[in-house]
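The block underneath contains the structure these notes are about, expressed in structure tokens.
The values are calculated or read from the model by the stated rules, or taken from the named source; none is laboratory data. Treat the numbers as computed from the prediction; the structure is a model and nothing was measured. All Cβ positions, glycine included, derive from the backbone under ideal geometry; neighbour counts span all protein chains shown. Ligands, DNA and RNA are excluded from the accessible area calculation, which covers all protein heavy atoms including side chains. Shrake-Rupley method; radii C 1.70, N 1.55, O 1.52, S 1.80 Å.
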Amino acid sequence: MQRAGDMKSPGFMDRALELAAQAAARGEVPVGAVLVDSVSGRILAEAHNRTEIDSDATAHAEILALRAAGAVVGSPRLGTCDLYVTLEPCPMCAAAIALARLRRVYFAAFDPKGGGVDHGPRIFEQPTCHHRPEVYGGVGEVEAAALLRRFFAERR
């Protein structure tokens, strides 16, 4: 995994941050995801967390974006796609990313407590992981971390 530090977030991460803000406004943990076809540069799917809205523990932004993109391309394999997500994927989402065979993952804020890429089980480093995307962490980290801090501070 490469650390991007405080580099300026590209337009796709900006859109993911907008989606995260929409999630927060709806009472969801503010995580947004954008899935892009790297060949055409076209956004195939975008989503924000919907676990509370849908009463579904698996309705994470990444999972919803993977499902929608798979439906668009007609395949569960998304090997030419890049994911932009505002928080380090959890173990469930990291496993789904590996199964979808994404090309790259760009995430904003690191998640020492619940992350599954740079923290916790480090799914992509496990011998049972059949596909390891390129991973870039810290893209837009300042903005995403601030959004998460505000969200949780308002609930305490």
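Every condition in (1) hydrophobic (A, V, I, L, M, F, W, C); (2) touching an Asp or Glu at 6+ places or on another chain (Cβ under 8 Å); (3) assigned to a strand (DSSP E or B) holds for VAL117 except the one numbered (3).
When ILE63 is tested against (1) under 17 Å from LEU19 (Cα atoms); (2) modelled with pLDDT under 95, only condition (2) is not met. Considered as a group, the residues in the range 41-60 that are of a type in the set (Gly, Ala, Ser) and outside any loop (DSSP other than H, G, I, E, B) include one that is nearest to GLU18 (Cα to Cα), and that residue is ALA47.
Can you tell which of VAL39, VAL31, VAL117, VAL105 is closer than 23 Å to LEU147 by Cα, touching a Ser or Thr at 6+ places or on another chain (Cβ under 7 Å) and among the β-branched types (Val, Ile, Thr)? Give the steps one after another, and end with the answer.
Numbers: VAL39 fails: closer than 23 Å to LEU147 by Cα; VAL117 fails: touching a Ser or Thr at 6+ places or on another chain (Cβ under 7 Å); VAL105 fails: touching a Ser or Thr at 6+ places or on another chain (Cβ under 7 Å).
From the options VAL39, VAL31, VAL117, VAL105, the qualifying one is VAL31.
Screening THR80, THR86 for residues that are touching a residue at least 24 places away in the same chain (Cβ under 8 Å) and under 18 Å from GLU18 (Cα atoms) leaves exactly one candidate, THR86. Filtering the range 93-110 for residues that are in a helix (DSSP H, G or I), without any contact (Cβ under 8 Å) to a residue 40 or more places away in the chain and open to solvent by 50 Å² or more (accessible area, probe 1.4 Å) leaves a non-empty set.
Going by what's in this entry, would ALA4 be described as under 14 Å from the mean Cα position of the chain (by Cα) and either modelled with pLDDT under 95 or crowded, with 19+ Cβ neighbours inside 10 Å (or both)?
Numbers: under 14 Å from the mean Cα position of the chain (by Cα): no; either modelled with pLDDT under 95 or crowded, with 19+ Cβ neighbours inside 10 Å (or both): yes.
The answer is no for ALA4.
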